[in-house]
Amino acid sequence: MVIDNITKFLKYAVIPLLLGFPVAIIAYRLELWSMGTSFQIIKLTGFISMAVLLIAILVAIFALVKKQKDLAKTCAVVAVLVALPVVGLSMQAAKAKSLPFIHQVSTDTVDLPKFKVIVALRGENSNPLDYDSEKLAPLQQAAYPQLQTIVSELNVDAAFAKAVDVTNDLGWEIVAQNKDSGMIEAVDTTLLWAFKDDVAIRVQMTDSGSKIDLRSISRVGMSDLGANAARITKFITAFKLKD
């Protein structure tokens, strides 16, 4: 009787646990609740899934010992299904642990490209734009050594035009561009969560051509899980490959 009740619980728990992740994301995108609430739901879903997974494995072992094949199969199916959110949470946790706890990066960590127009769009609850070079630069450089200033033989006008083209090619929304100051401000909306992340691109003249620096910052979240570094890396790669 006890095993039957446990089995029923396991079966009924599968659907809400599988829906935990998508519901949290969809509700946030629909602005039904905050990102913090969604993250708590995902976290709770992961922990409950771990417990259900363990129980399902134990009951499956018990069923095999008792030679109750149908029960063992049911528990095996439950275990496989609830393993999905467990694996997802574990992968995110492992990624977060391996990366620095930062939410903005820049190719120039001394004189960062500055935001102007985008400041008014960021909202009161957005992450501050302050950058502690002494603290954050070493963390960034250790984790993302590829984030380097782009050095180009193009003159500053051609480099600026190319930077605008690359920005558009990447699907970022250009909020402002000023050829005289060499500044481009853009917003990149993430695919899954629809987070708004801000990018400042600065094009400057050099003796041999031009140089391009980028800064990317998340509006929300204390850790970006490498998203900002990946964004700048994409730009650098696309700029160098573009004819």
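The values are calculated or read from the model by the stated rules, or taken from the named source; none is laboratory data. Just so it is clear, the structure is predicted and the values come from calculations on it, not from any experiment. Here the Cβ positions follow ideal geometry from the backbone for every residue, glycine too, while neighbour counts run over all protein chains shown. Only protein heavy atoms, including side chains, enter the accessible area calculation; ligands, DNA and RNA are left aside. Shrake-Rupley method; radii C 1.70, N 1.55, O 1.52, S 1.80 Å.
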Task: Local electrostatic count at residue 213 - Lys and Arg +1, Asp and Glu -1, tallied over other residues with Cβ under 10 Å - done: +1
- [ ] Give the Debye-formula value of log10 I(q)/I(0) at each listed q (0.17, 0.21, 0.25 Å⁻¹), with one equal scatterer per alpha carbon of the stretch 28-77, two decimals each.
- [x] -0.59, -0.69, -0.82
- [ ] Send over a whole-number figure in Å² for the accessible area per residue of the stretch 108-173, probe 1.4 Å.
- [x] 62 Å²
TODO: Please work out the ratio of the alpha-carbon Rg of the stretch 92-241 to 2.2 N^0.38 Å and round it to two decimals.
DONE: 1.00
Open item on the list: Relative contact order for the stretch 137-243: what percent, with Cα pairs under 8 Å and sequence separation of 6 or more?
Closed with: 27 percent
- [ ] Heavy atoms only, probe 1.4 Å: what % of the accessible area of the chain goes to carbon and sulfur, would you let me know?
- [x] 62 percent
TODO: Provide the net charge surrounding residue 182, with neighbours chosen by a C-beta distance below 11 Å and charges set as Lys +1, Arg +1, Asp -1, Glu -1.
DONE: 0
Open item on the list: Can you list residues from other chains, or at least 5 along the same chain, whose modelled amide H is less than 5 Å from the amide H of residue 219?
Closed with: 196, 198
Task: Over the stretch 1-102, relative contact order from alpha-carbon pairs under 8 Å, at least 6 apart, % - done: 32 percent
Task: Cα long-axis angle, helix 133-143 against the chain (0 to 90 degrees, to the nearest 10) - done: 60 degrees
Task: Relative contact order (%) - the chain, alpha-carbon pairs under 8 angstrom, separation at least six - done: 20 percent
Open item on the list: At 1.4 Å probe size, put 48, 236, 26 in order of accessible surface, largest to smallest.
Closed with: 26, 48, 236
Task: residue 192-residue 165 pseudo-label distance in nm [points 7 Å out on the Cα-to-Cβ vector] - done: 3.3 nm
Open item on the list: For the stretch 79-110 and the stretch 138-212, what is the centre-to-centre distance using only Cα atoms, to the nearest Å?
Closed with: 25 Å
Open item on the list: Quick check: residue separation of residue 96 and residue 134 times 0.36 nm, minus the Cα distance between them. What number comes out in nm?
Closed with: 11.5 nm
Task: Protection proxy ranking of 119-128, 191-200 - average other beta-carbon atoms within 10 Å, highest first - done: 191-200, 119-128
Open item on the list: Nearest 10 degrees is fine. How inclined is helix 69-98 to the longest principal axis of the chain, computing both from alpha carbons?
Closed with: 30 degrees
